[in-house]
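Step one of this worksheet: look at the structure below.
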Amino acid sequence: MTDKERIDWLRHELDRHNYNYYVKNAPEISDQEFDTLMHELQALEANHPEWDDDASPTRRVGSDLSHEFVQVAHRTPMLSLDNTYNRAEVGAFYQRVSEALGGEPFAVCCELKFDGLSISLTYEEGRLVRAVTRGDGVRGDDVTANVRTIRSVPLRLDPAGMWPAVFEIRGEVLMPWESFERLNREREAREEPLFANPRNAAAGTLKSKNSAVVARRRLDAYLYYLLGDTLPSDSHYANMQAAAAWGFRVSDAARLAHSLDDIYAFIDYWDEARRELPVATDGIVLKVDSLAQQRRLGATAKSPRWAIAYKFQAERARTRLREVTYQVGRTGAVTPVANMDPVLLAGTTVRRASLHNEDIMRQLDLHVGDWVYVEKAGEIIPQVVGVDSSARQPGSPAVHFIDRCPECGATLVRYEGEAAHYCPNDTACPPQLKGRIEHFISRDAMDISSLGPETVDDYYNRGLIHDAADLYGIRTSDINGADGGRQRSAERIVEGIARSRTVPFERVVFALGIRFVGKVVAKQLARHFSDIDTLMAATPDDLLQTEGVGTVIAQSVVNYFANPDNRRFVERLRQAGLQMAVERTETISDRLTGQTIVISGTFVHHSRDEYKTLIERHGGKNAGSISKKTSFILAGDNMGPAKLEKATKLGIRLVSEDEFLAMIE
Ligand code: IVH
């Protein structure tokens, strides 16, 4: 390959990875591999000025713009940082700074590099007025409504604080490990694709159009950079201490270093200690502390000369691929799984790793017996990130995605715009049938704990059950062995099944296993429609009125009930005596008796449907639109302008979420 061909190839590759990383939030290669390609391109371009191109990926900072948010220009561009992976380069940075400052002494602020999304917050007169993502560095998306839901971001600063009238503070929006793990557990239960790491989860969440979803996901924000015309100090470190005092979450890990040894000690300490942190970090950031010195050092088009990021090595191992097997889930989704020789990685033995889908498999170009690299970049889920193709045995067969279901032989389908393959045989493919029964009995669904996956497997194989409705016809004599020796346990099982008849309607809705309908959505649907017949008759438009339901879920619900098999299944459950309507709500108090209340906007503490129930249980009446009869409006964030105008015209009082909660306290 000539240098020119290599440059073209690298530009194309880097563009593609930029897109995967910033737009799709689905990187295929590690940051380190990306940076290696980027450095190679930078070096080639430096040698060949004749092939300069303004559109080269070396010229831009990446973009996460999406079209659903209003775009706002940054007052000061949001630059990114130069990355290094070794101490020698940290030493070189220190040397460069020292020389550029003419040998004058300087301090370096050492900080953790948080692995989330950068955010710019603007405060005026002590109030948060705007939150903007980095975007392409020049313009970003206005995500103020979503950021307001992050509990650690102050909406109003303590008036006693000595903050400037106008300032900007930048930092990182993150999803703490705990929230991330909970979110993935929920997604796993719903068979939705898992987020590979907290950064992707935070990105997906921050770009959500529904700020209630954002509030539930529990994001966090660490701030690390203060900008403004009148700052408290010339020291970056001192400014961040001040910001901490004003109420911002500022990491207390930051330290001032006065020598290269101080810096190395900081790196060594956190390379280990970061494992105990509640949030993901991917390195260390070093910043020249004095703002005056920062100005003298200046910036290149891409990054400041006064700062550098030292990235931790992603933990990686090399092992052999034995075979690729395929798992069929409850929804029929087929997942390819790499089965490898066991290898130790970040403290655990890894044998299997999901290959996600056909596209990812194809990009890896796997052959049987290949040496593959497995990585866990601070993440829990191991990923196959590449193949050592130089070590490939000649003639070893390539691995191709299957076209028939490994369980039932049906021809797999791949829907337009989706990455996954599905087995369409949902009425006879065993893992789909068994998976649905297991979901039905699970704790958040019908909670039949006397049964487990093994029992389901056993009953299914013995032909005792084909679907969950069959459970309600089981008698102890069916379960019993010929000798009757398992009498007591058989009784317990039948009792457990019988008890599930009292499980509330919302969990019955969840237990049906409608695609994309998780626990939370099932609850909203149950409350919104009150009974199964109304739910079954709902049109997509009706469904879209339910909180948390978008077009994908609405269509999935409609499809489910359009299938005669599913309607028959629901009928059999009804015959079996399951709860098919919400229980009439018992009143708690009469505090709202005689009041007609309109709910508007988005809320932090409860969902809209929960507020509806609360109003009823305190004796009040819910109304859909504002009229003279409206007693007051329970007003959340982002109340629509039309409603606001009408309320003002009729002189109707707005009651905030907190005031309302105090009223019914
Ligand atoms: S300072 C001009 N400090 O890393 C300097 N950035 O690759 C602005 N990051 O875009 C950034 N932790 O999203 C800074 N303590 C920290 C950071 C940090 C994480 C992110 C930030 C930035 C990226 C640079």
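Values quoted throughout were computed directly from the atomic coordinates according to the rules given, and no laboratory measurement underlies them. Since we're looking at a predicted model, the values are computed, not measured. So basically every Cβ, Gly included, is an ideal-geometry build from the backbone, and we count neighbours across all protein chains shown.
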For ARG275 and ARG653, what does the FRET efficiency come to when R0 = 45 Å and r is the distance between their Cβ atoms, rounded to the nearest 0.05? 0.30
So which cysteines of the chain have no other cysteine's Cβ under 4.7 Å from theirs? CYS109, CYS110
Using alpha-carbon positions, the gyration tensor of the range 195-294 gives root eigenvalues a ≥ b ≥ c; with a/c under 1.5 called rounded, otherwise prolate if a/b exceeds b/c, else oblate, the class is oblate
Using modelled backbone amide H atoms (1.01 Å from N, in-plane), which distant-in-sequence or interchain residues come within less than 5 Å of ALA299's amide H? ARG305
Could you run the Karplus curve 6.51 cos²θ - 1.76 cosθ + 1.60 with θ = phi - 60° over the range 120-134 and give me ³J(HN,Hα) per residue in whole Hz, x for Gly and Pro? 10, 10, 10, 10, 10, 6, x, 10, 5, 10, 7, 10, 10, 6, 5
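Given the Cα atoms of the range 514-665, and with Rh set as the inverse mean 1/r over their pairs in the Kirkwood sense, what is Rg to Rh to two decimals? Spell out each step's value before the answer.
On the way: Rg = 17.6 Å, Rh = 17.1 Å.
Checking Rg against Rh, the ratio lands at 1.03.
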Range of Cα positions in the chain per principal axis (Å), largest first: 89, 80, 45
Nothing charged except the Cβ atoms of Lys and Arg (+1) and of Asp and Glu (-1): what's the magnitude of the dipole of the chain about its Cα centre? Round to the nearest 20 debye. 1980 debye
Label the range 82-164 by shape, choosing from rounded, prolate and oblate, from the square roots a ≥ b ≥ c of the eigenvalues of the Cα gyration tensor; if a/c is under 1.5 it is rounded, and otherwise prolate applies when a/b is larger than b/c, oblate when it is not. prolate
Near the amide H of GLY386, under 5 Å away, which other amide H atoms are found, from residues 5 or more places off or on another chain, if H is placed in the peptide plane? TYR373
In whole Hz, the Karplus estimates of ³J(HN,Hα) for the range 223-240 (6.51, -1.76, 1.60; θ = phi - 60°; x where Gly or Pro) are 9, 9, 7, 10, 10, x, 7, 10, 9, x, 8, 7, 9, 4, 4, 5, 4, 5
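Could you list VAL558, VAL108, VAL90 in order of exposure, starting from the residue whose Cβ has the fewest other Cβ atoms within 10 Å? Could you put the intermediate results ahead of the total?
Values: VAL558 16, VAL108 27, VAL90 21.
The fewest-first ordering by Cβ neighbours comes to VAL558, VAL90, VAL108.
Where nothing but the Cβ of Lys and Arg (+1) and of Asp and Glu (-1) is charged, how large is the charge dipole of the range 52-177 around its Cα centre, in debye to the nearest 20? All intermediate terms of the calculation are to be shown ahead of the outcome.
Values: 14 positive and 19 negative charges, 84 e Å.
Roughly 400 debye, rounded to the nearest 20.
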Return the Cα extents of the range 320-425 along principal axes one, two and three, sorted largest first, each rounded to a whole Å. 38, 34, 25
Order by neighbour count: PHE34, PHE569, fewest other Cβ atoms within 10 Å first, most last. PHE569, PHE34
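Taking the Cα centre of the range 280-437 as origin, sum charge times position over the Cβ atoms of Lys and Arg (+1) and Asp and Glu (-1), and report the length of that vector in debye to the nearest 20.
Details: 20 positive and 17 negative charges, 132 e Å.
With Lys and Arg at +1 and Asp and Glu at -1, about 640 debye.
Sort CYS109, CYS429 so the one with the fewest other Cβ atoms within 10 Å of its own Cβ comes first. Working shown, then result.
Working: CYS109 22, CYS429 19.
The order, fewest Cβ neighbours first, is CYS429, CYS109.
Structure shown: which of LYS207/LYS643; LYS113/LYS209; LYS209/LYS643 lie over 24 Å apart, alpha-carbon to alpha-carbon? Please list the in-between numbers first.
Details: LYS207/LYS643 26 Å; LYS113/LYS209 28 Å; LYS209/LYS643 20 Å.
LYS207/LYS643; LYS113/LYS209, as the Cα separations exceed 24 Å there.
Any of LYS311/LYS376; LYS287/LYS311; LYS287/LYS376 with alpha carbons more than 20 Å apart? Name them for me.
Details: LYS311/LYS376 14 Å; LYS287/LYS311 14 Å; LYS287/LYS376 28 Å.
Beyond 20 Å between Cα atoms: LYS287/LYS376.
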Kirkwood Rh over alpha-carbon pairs of the range 418-513, then Stokes-Einstein at 25 °C and 0.890 mPa s: what D in µm² s⁻¹, rounded to an integer? 173 µm²/s
What are the ³J(HN,Hα) couplings of the range 620-630, residue after residue, when phi is run through the Karplus curve with 6.51, -1.76, 1.60 and θ = phi - 60°? Round to Hz, x for glycine and proline. x, 10, 8, 10, x, 9, 7, 8, 4, 7, 5
How far apart, in nm, are two points set 7 Å out from the Cα along the Cα-to-Cβ line at SER627 and at SER259? 8.0 nm
Computed on Cα atoms, the radius of gyration and Dmax of the range 510-592 in angstrom are 13.7, 46
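How much length is gained on full extension from ASP359 to GLU586, taking 0.36 nm per residue of separation minus their Cα-Cα distance?
Values: separation 227, 0.36 × 227 = 81.72 nm, distance 5.28 nm.
Extra length from ASP359 to GLU586 when fully extended: 76.4 nm.
Taking 0.36 nm per intervening residue step and subtracting the Cα-Cα distance, what contour gain separates ARG617 from ASN461 on full extension? Could you put the intermediate results ahead of the total?
Numbers: separation 156, 0.36 × 156 = 56.16 nm, distance 4.73 nm.
Additional length available on full extension: 51.4 nm.
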How charged is the neighbourhood of ASN563? Take every other residue with its Cβ under 15 Å from the Cβ of ASN563, and add Lys/Arg as +1 and Asp/Glu as -1. +1
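What percent does the relative contact order of the chain come to when contacts are Cα pairs within less than 8 Å and at least six residues apart?
Working: 1137 pairs, mean separation 60.6, N = 665.
Once divided by the residue count of the chain, the mean separation gives 9 percent.
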